[in-house]
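Structure first, then comments.
What follows is calculated from the coordinates using simple rules that are stated; it is not laboratory data. All figures in this text were calculated on a predicted structure; none of them were measured in a lab. Counting neighbours? That spans all protein chains shown, and the Cβs are built from the backbone with ideal geometry, glycine included.
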Amino acid sequence: MSRWRVRAASGAAALVLAGSLFLVFAADDELPSFRQQACGLPRDWLTATQRGYFQPRSGQISLLPKTPAYMQTGAGGWSHSGPWPYLTDIPLVFYGPGIIPATGRVATPATLADVAPTIATLLRGAIQIDDGKSLDEVATFEGVVEREPPRLIVTVVLDGGGWNVLKNWPGDWGNLLRLMEEGVSYDNATVGSSPSVTPAVHTTLGTGSFPHVHGVTGVPVRDESGEVVDSFLEGESSRFIEVPALAETWDEQKDNKALIGMVGYEPWHLGMIGKGAEKPGGDKDHAAWLDTETNEWKTNPDHYELPSSLTDEAELQALIEELDRDDGEDDDRWEQVPLDDRSRWEETPAFIEYHGAALKALIRDEGYGDDDVTDLLFTNFKQIDRLGHYFNFDSPEVNAALLESDEVLGDLVTFLDEEVGRGGWVVIVTADHGQQPDAPDTNGYGIAPKEVQKDIDDRFGPITRAVWPTEVFLHEDEMADGEVTVAEVARFLGDYRLNENEPGSRFTGPFQADDRLFDMAIPARLLPALLC
């Protein structure tokens, strides 16, 4: 096949904010009340923010930058957390010849919480779901009762592959387009909640509930002591998931005879399958994520099983060498990615091909789809997102990742026909979010979160645990000592001006020096009861 081609961007990046509403509070206006700030947002933005809030885990302040401002991450990188359409609009495709009707693209609104109940309908299972609904265009219970369930359902997440990325590279996802046209594709699908980040959204996909129910609200969460920790404790535990995943419930109903698997890049993807043996009555489902230092698949052996079919790395080494030579030079580089740094291999198209091969080996060697008990396999291809964080989604690196991900998707469909048999499998393809364009493309402004944290602490004392793109975590004990309230900090942020923040870039767009940077900064505890 043609190896890992790249091309210039389509020039559509400047259009990715289309459909987003810019809200402007004049700098000399009195600061709106908390309710006015929240109710001044478009209804779906507020609903997504409310769905994303879970009091024991979320930050104490709910924050929303004024578009086209956004929080930068790391050394000037791009975040993708927020309720804006360019981040939350995603593809959602169900494909399975002989099982899924060839309806094509439909306008029915859908969210990722609808995936689990729709799978439940395909399984003919009696499974309780909190937020999502079964999508009738895919299957109805009456329609599946006379037909045997599929033997295998594979869910593929193109991490960071939201609609603004796809539209930026038209013509470079032909296999996905074919599945859209020959299956059922929801053109008005959204993530459904904010923060629109990997751990929260994958857990929504797996449970059929939004974070306000399932409890995994973001990359960081508050633990029982108030400390800000990784939402999956870096693979040590999935204990913050408050409700069972569909896969767990199905496995238990089948006396743990169903094969359940997850192949991803981080423990954050475990929300798709649940807790494994960490849950009483659960078994050690297949689960693998990446050790980026060694490029080896790993797991938590106390809770999950690492399939032996994923452990061979020889093919990856050969693919990396081929990728290095593909540009005509054996120089330990692919585009801007240094190949002499093994920890960077997982960003490349070579790793996407390797991942696809590992996925097929897992299905074949472990017997997925071999019997009448439906097996559930979930996988995340991370490269589009990872490269977008490093180079922005308008880069040739992201284009190459999209091209290779689409090719691997087409190859997987062909393999399922051969291995499981046509009419015996279903593939679901989606994304967990879109991506933030670069500031020059939107005439925007990158807010520096470390400066926000410094300014809070300069004003109130050392009370800030962390500032994230849509929330602020606070030291409540330090606040009590200083007699500082959450409402005071929220009002400070609500009136926070551009000239108080160090410039994240020289692009300030429509902002003037004395303009406020946040559309909403309110005590997060107010969110559940807000009626507008």
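Miscellaneous remarks
- Shown here is the pair-distance distribution of the chain: with all Cα-Cα distances grouped in 20 Å bins from zero up to the longest one, the shares run 23, 56, 21, 1 percent.
- Estimated FRET transfer efficiency when R0 is 22 angstrom, pair D302-N256 (beta carbons, to 0.05): 0.85
- In terms of packing, defined here as the mean over residues of other Cβ atoms within 10 angstrom, the peptides 423-430, 329-336, 249-256 line up highest first as 423-430, 249-256, 329-336.
- Extension gain, D370 back to A107 (0.36 nm per residue minus Cα-Cα distance, nm): 91.2 nm
- Estimated [θ] at 222 nm from DSSP helical runs (n ≥ 4, -39500 (n - 2.57)) normalised by residues in the chain, nearest 500: -8500 deg cm²/dmol
- Taking the Cα centre of the range 85-430 as origin and assigning +1 to Lys and Arg Cβ atoms and -1 to Asp and Glu Cβ atoms, the resulting dipole is close to 1480 debye.
- Which listed pairs, of K257/K284; K257/K298; K254/K360; K298/K360; K279/K360; K257/K382, have C-alpha distances above 20 Å, in listed order: K257/K298; K254/K360; K279/K360; K257/K382
- Crossing angle, helix 314-326 versus the chain [Cα axis fit, 0-90 degrees, rounded to tens]: 70
- Between V229 and L31, full extension at 0.36 nm per residue minus the direct alpha carbon distance yields a gain of 68.0 nm.
- Listed values for the range 517-532 are Karplus-derived 3J(HN,Hα) couplings in whole Hz (6.51 cos²θ - 1.76 cosθ + 1.60, θ = phi - 60°), namely 9, 10, 6, 9, 8, 9, x, 5, 4, 6, 4, x, 9, 5, 10, 10, and x replaces Gly and Pro.
- Charge dipole (the range 53-208, unit charges on Cβ, about Cα centre) - positive-most of T207, V144, N175: T207
- Extension gain for R333-C39 works out to 100.9 nm (0.36 nm per residue, less the C-alpha to C-alpha distance).
- Dipole orientation for the range 85-430: of the candidates A318, G281, W345, G281 has the Cα lying most toward the positive pole (charges on Cβ; Lys, Arg +1; Asp, Glu -1).
- Packing-based ranking, highest mean first, of 158-167, 299-308 given that Cβ atoms within 10 Å are counted: 158-167, 299-308
- Förster radius 35 Å - calculated FRET efficiency between K133 and D417, Cβ distance, rounded to 0.05: 0.70
- Ordering of 369-381, 98-110, 452-464 by burial proxy (mean other Cβ atoms within 10 Å per residue, highest first): 369-381, 452-464, 98-110
- Computed FRET value (nearest 0.05) for L531 with D312, which takes r as the C-beta separation and R₀ as 60 Å: 0.60
- Of the Cα atoms belonging to the range 354-505, the radius of gyration and Dmax stand at 23.8, 67 Å.
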